[in-house]
Amino acid sequence: MITGTFLDEISHDIPDANWGRDEWTRDFRAMADTGIDTVILIRAGYRDIATFDSKVLRREHPHLIVADDQVGMFLDLAERHGMTFYFGTYDSGRYWHSGQHDREADLNIAFTEEFISRYGHCKAFGGWYISHEINSFDEGVMKVYERLAGHLKSLRDLPILISPYIRGVKQFGAEQAIGLSEHEREWREVFARIRGHVDIVAFQDGHVDYAVLPDYLAVNAALAREHGIACWSNIESFDRDMPIKFPPIGWRKMRYKMQAAMRAGVDKLITFEFSHFMSPNSIYPAAHTLHRRYMEFKRAADTAV
């Protein structure tokens, strides 16, 4: 079942729930009751927004937009519920997109040093998440992964996770999407480069048609095993098929994706993302009923076992 979730506190395209400590406390309790043992901060900062008041980021953005110490709160709540917290890195939103990959890495090196100095003692801290997402081989991002992963391991030798996506038709259309064989070639090259740097790869599962998703999941799992990297599946709990961005997904679709991932033999199911799309506390009423359907399914599975 799903045992991990991203914490999407700084999003590109999902509305803010405007939660404070009371709301997050209630939701971490719901996560624990649902069976979640791993929480992953999607990114600790994006452009001029941050999850804690960072001196490093203020040098980039003197007007840095930051409210409370969300990282400290998440670490505290994770510890209370026996969860492992993965710290998500900073996304400049510009340097790595404009070919300035060394500058992206340098900024993150300083930022993660600041994180360790402030939060490295926290018991729940158990992993790193490199937030830079790719869909195929990218030499510049490979260099970011290599430099940053080495630095993260020197700060604290913990598992490093990435969550890439498939260059599929739902985002790129038929003309720009790549097929299964090209996906396999691209990612064999990526895995060869990140081996020894990245410990876990959790592909997003929402970019290809449902008919071919099992094939992509099987290829991803096989490539990960071939290179000695753990393979998780990022079960998207939002729907990419609707004309709006983004409602909670239909339960039948989510169940299909979960079952396909389990048949592919992945090591763990995580989701993007519990609090918005499948929490009983979500701002979306459909998430409440998605949670009910999921819990019914989970109880039936537990009873069967």
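State which entries of Lys143/Lys245; Lys123/Lys257; Lys245/Lys298; Lys55/Lys268; Lys257/Lys298; Lys153/Lys298 exceed 24 angstrom in Cα-Cα distance in the structure shown.
Details: Lys143/Lys245 32 Å; Lys123/Lys257 33 Å; Lys245/Lys298 28 Å; Lys55/Lys268 35 Å; Lys257/Lys298 15 Å; Lys153/Lys298 36 Å.
Checking Cα-Cα distances, Lys143/Lys245; Lys123/Lys257; Lys245/Lys298; Lys55/Lys268; Lys153/Lys298 exceed 24 Å.
How long are the three semi-axes of the equivalent ellipsoid of the stretch 5-129, in whole Å, if each is the root of 5 times an eigenvalue of the C-alpha gyration tensor, listed from largest down? Don't skip to the end; give the middle numbers.
Details: eigenvalues 127, 47, 36 Å².
After scaling each eigenvalue by five and taking roots: 25, 15, 13 Å.
Based only on other Cβ atoms within 10 Å, what is the fewest-to-most ordering of Met1, Met242, Met258? Intermediate results must be reported in sequence, preceding the final value.
Values: Met1 15, Met242 12, Met258 19.
In order of increasing Cβ crowding within 10 Å: Met242, Met1, Met258.
Consider the candidate values (i) 19.1, 60; (ii) 18.5, 56; (iii) 17.7, 49; state which one is Rg and Dmax of the Cα atoms in Å computed from the structure displayed.
Matching the structure shown: (ii).
With a cap of 16 neighbouring Cβ atoms within 10 Å, and only residues DSSP puts in a loop, list the chymotrypsin sites (Phe, Trp or Tyr not before Pro) found in the stretch 120-194. Don't jump to the answer; show the numbers that get you there.
Values: sites: Phe125, Trp128, Tyr129, Phe137, Tyr145, Tyr165, Phe172, Trp187, Phe191; in loops: Phe137, Tyr165.
For chymotrypsin sites (Phe, Trp or Tyr not before Pro) across the stretch 120-194 that sit outside H, G, I, E and B with at most 16 neighbouring Cβ atoms in 10 Å, the list reads Phe137.
Contact order normalised by length for the stretch 2-273, with contacts defined as Cα pairs under 8 Å and 6 or more residues apart; what percent is it?
17 percent
Would you mind computing, in nm to one decimal, how far apart the modelled labels at Lys143 and Met242 are, each placed 7 Å from Cα along Cα→Cβ?
4.1 nm
Would you please give the FRET efficiency between Tyr256 and His63, computed as 1/(1 + (r/R0)^6) with r the Cβ-Cβ distance and R0 = 41 Å, to the nearest 0.05?
0.35
Any read-out appearing in this document is the output of simple, stated calculations on the displayed coordinates, not a laboratory observation. Remember, predicted model here, so these are calculated numbers, not experimental data. We place every Cβ from the backbone using ideal geometry, glycine too, and count neighbours over all the protein chains shown.
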